[in-house]
Amino acid sequence: MSKAFQALLTGMFITFILDFFLFLGVLLHYIEFYKIDLYYNILFVDNQNWYLFFSLSIIFGWMVIYIKNYKVSLIPIVIISIFTFVTLFEDFGYMVGEMMFMKENITLRSAKFTYIGNIIYEGREEITFYRSDISKIVTLKKKDLI
């Protein structure tokens, strides 16, 4: 197996583990906070930034395989790991989920109604929306919106 392929696979493995814990923290402290019915795999796949995933995979793989001084390659990976694992704490997991998914002051229209509020999560077929006029969370079907 070539060293370049080993570097890519190693980087993908490291990035996958970091992604897993990032999305786990968001699931536990943001998605479940709003009681959004969402399976972890859908959250992981639909919201994955593939350009960032493969870029980090190449960088991490290169650092691990090609840099001979392990301290130089280990320090950035540990720092990014700390930022990822911190989402397992409630406040940070919620904050990251809010940054990833919440869109504030949005107006949505259906054939009969106009909804004003915040998008909490936009899924494949539904939007979880906080209606500020009635202070309630509602689920809207994307196909019903104009």
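Restricting the trypsin sites (Lys or Arg not before Pro) of region 88-119 to loop positions (DSSP other than H, G, I, E, B) with no more than 10 neighbouring Cβ atoms within 10 Å leaves Lys112. Rolling a 1.4 angstrom probe over the protein heavy atoms with all chains in place gives region 102-144 an accessible area of 69 Å² per residue. Comparing Cα centroids, region 69-146 and region 19-41 end up 10 angstrom apart.
Kirkwood analysis of the Cα pair distances in region 60-146 returns a hydrodynamic radius of 16.0 Å.
A Förster radius of 30 Å, combined with the Cβ-Cβ distance separating Ile17 from Arg124, puts the computed FRET efficiency at roughly 0.70.
The magnitude of the dipole of the chain, with charges of +1 and -1 set on the Cβ of Lys/Arg and Asp/Glu and taken from the Cα centre, is near 340 debye.
Accessible surface of the chain, 1.4 Å probe: 65 percent of it comes from carbon and sulfur atoms. Straight-line reach from Lys143: taking Cα to Cα under 17 Å and skipping same-chain neighbours fewer than 8 places apart, the lysines in range are Lys112. Rounded to the nearest 20 debye, the dipole magnitude of region 102-144 is 140 debye, with +1 charges on Lys and Arg beta carbons, -1 on Asp and Glu beta carbons, and the Cα centre as origin.
Between Ile106 and Gln6, the contour length at 0.36 nm per residue exceeds the Cα-Cα span by 31.4 nm. Taking the Cα of Asp37, stepping 7 Å toward and past its beta carbon, and measuring to each backbone N in region 116-146: which are under 15 Å? Counting only backbone N, you get 123-129, 138-142. Taking 20 Å as the straight-line reach from the Cα of Lys103, the aspartates and glutamates in range (excluding those fewer than 8 positions away in the same chain) are Glu32, Asp37, Asp46, Asp91, Glu122, Glu125, Glu126, Asp133, Asp144. Evaluated over the Cα positions of region 102-144, the convex hull gives a direction-averaged projected area, one quarter of its surface, of 2.7 nm². Note on the chain: dipole from Cβ charges, positive end direction compared against Met95, Tyr30, Ile17; the farthest Cα belongs to Ile17. Computed on region 3-100, with alpha-carbon pairs under 8 angstrom and 6+ residues apart, the relative contact order is 50 percent. Identify which of Tyr94, Tyr121, Tyr70 has the largest mean-square fluctuation in a Gaussian network model of the chain, with springs joining Cα atoms closer than 10 Å. For the chain, modelled as a Gaussian network with Cα springs under 10 Å, the answer is Tyr70. Per residue, the accessible area of region 3-100 comes to 64 Å² when a 1.4 Å probe rolls over the protein heavy atoms. By the rule of a C-alpha distance below 26 Å, with chain neighbours fewer than 8 residues away ignored, the lysines paired with Lys3 are Lys68, Lys71.
Helix-only mean residue ellipticity at 222 nm, the chain, DSSP H runs n ≥ 4 weighted -39,500 (n - 2.57), per residue, nearest 500. What is it? Rounded to the nearest 500, it is -17000 deg cm²/dmol. Counting Cα-Cα pairs of the chain in 10 Å increments starting at 0 gives whole-percent bin shares of 11, 33, 27, 17, 9, 3, 0.
The values are calculated or read from the model by the stated rules, or taken from the named source; none is laboratory data. Only a predicted model underlies this, so the values are computations on that prediction, with no experimental measurement involved. Counting neighbours? That spans all protein chains shown, and the Cβs are built from the backbone with ideal geometry, glycine included. Surface areas here come from the heavy atoms of the whole protein model, side chains and all, with no ligands, DNA or RNA. Shrake-Rupley method; radii C 1.70, N 1.55, O 1.52, S 1.80 Å.
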